[in-house]
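The values are calculated or read from the model by the stated rules, or taken from the named source; none is laboratory data. No experiment lies behind these values; they were computed from the predicted model shown. Heads up, the Cβs are rebuilt from the backbone with ideal geometry, glycines too, and the neighbour counts pull from every protein chain shown. These accessible areas exclude ligands, DNA and RNA; they are computed on the full protein's heavy atoms, side chains included. Shrake-Rupley method; radii C 1.70, N 1.55, O 1.52, S 1.80 Å.
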Amino acid sequence: MLAPLVPIPAGAYRATGISMLGAGGTCSYIVPTYNEARRLPDTIEQLIALSGPSSEVIFVDDGSEDATPSILETAARGQTNVRVLSHTRNRGKGAVVRDGTFAARGDTIVFMDADLATDLGDLAGLRRALEFCDVVIGSRSMAASVVEARDYRAHMGRVFNGFTRGVSGLPYRDTQCGFKAFHAPAAKLLFALSGLNGYAFDVEILLFAHRLGLRVEEIPVHWTHVGGSHIRPFSDPARMTTDVIAAKMAQRQKDSVAVVTVEGGGDADRMREVQKCVRANDVVVRDDDAVHVVLGHLCPVALRHVIAGRLSRALDGRVNPERVSAARLIELVQRRPRLSIAPSIEDAPAFASAVAGS
């Protein structure tokens with residue numbers, strides 16, 4: 001049984017040698033895995049050490065064909081804040097990070113690669129940076145970054161990052177480092193909008209963050225090449241290039257997003273009423289006339305109607321399960337102050353209020 005996450009006060013530190021939670025609140029760490037049985041035992045102890053009263057670790061396995069699922073299940077047994085989610089087939093890193101994001105209960109969300117190529121000592125800086133922005137990117141390309149990698153990997157990374165910046169127009173030096181942190185409402189909204197499952201899902205997420213006007217910052221990290229990478233240096237760059245172009249093109253298309261709209265006013269009290277009736281991992285936004293529960297463009301129709309029925313029974317006003325364009329949803333968020341993005345769990349610190357008051 002999962003233990004509830006207990007927020008720690010802002011300014012309090014939990015010194016574990018791995019995690020320093022300086023910003024207060026609760027945190028969910030998401031770790032995607034795929035055929036990691038050989039190296040996972042060497043790092044799993046460090047990853048589980050991240051869990052505690054104010055944090056959880058969510059391993060999301062992407063249809064591994066080796067012993068990874070059984071290793072994870074054994075490691076999580078008896079751990080109250082460690083969870084394992086599993087895909088029956090390989091769907092891609094973007095898909096598993098998205099699933100982990102929507103399962104997360106913390107008010108901040110961090111995802112990292114299972115090989116721990118990025119030093120866990122950088123977690124403190126990653127989370128501290130969230131006090132000043134909405135999304136934080138660990139970067140291997142800043143002056144203060146420390147990178148230990150083979151020459152061909154370093155060169156491939158520089159070329160790909162240069163190509164990504166040229167195609168996407170994003171200003172960030174390193175979009176692909178598997179070490180990023182988000183305020184939970186921002187993460188859940190971004191992944192509700194996203195649809196790419198491949199290597200360039202990071203690019204799509206950052207493009208949506210840019211369109212939404214979210215504040216994104218990079219921090220330098222310590223990164224070491226770890227053997228056994230699943231990236232194939234001769235075939236994957238072509239696929240990654242295609243994914244980056246797809247991420248850019250997706251911004252121009254009118255993909256629809258599943259929402260449940262509750263009419264009858266869009267003030268803060270109405271939003272709180274709606275939030276009490278939906279799942280902890282649903283994002284709630286509002287405009288002048290209604291409150292909208294954002295379910296993402298991959299949400300099954302049946303689930304949309306289940307949530308609509310629950311809201312109809314609990315609240316006055318017309319409830320409509322519908323699909324709106326991604327552009328329309330972005331417009332709703334942009335038009336209102338960030339207070340319109342509700343925290344994803346009841347005991348989360350008032351992320352939006354903090355931003356509005358800063």
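Long-range amide H contacts for SER325: which residues qualify at under 5 Å (H placed 1.01 Å from N, peptide plane, sequence gap of 5 or more or a different chain)?
Sorted by chain and number, the residues that satisfy this are VAL257.
What is the percent carbon and sulfur in the accessible area of segment 79-144, measuring with a 1.4 Å probe over the protein chains and ignoring ligands?
47
Show the residues, 5+ positions off or on another chain, whose built amide H is closer than 5 Å to the amide H of ARG215.
ASP134, VAL135
Skipping prolines and chain starts, which residues have an amide H placed within reach, meaning under 5 Å, of the one on LEU170, given they are 5 or more residues away or on another chain?
So LEU170 has HN proximity to no qualifying residue.
Can you give the extra length, in nm with one decimal, that the chain gains between LYS276 and GLU131 once fully stretched, where that is 0.36 nm per residue apart less the Cα-Cα distance?
Gain on stretching LYS276 to GLU131: 49.6 nm.
Considering only DSSP beta bridges where both residues belong to segment 90-224, give the percentage that are antiparallel (nearest 5).
55
So if each residue of separation counts as 0.36 nm, and I subtract the Cα-Cα distance between HIS305 and GLU263, what length gain in nm does that give?
13.5 nm
If you filter segment 56-131 for GluC sites (Glu not before Pro), then keep DSSP loop positions with at most 11 other Cβ within 10 Å, what is left?
GLU65
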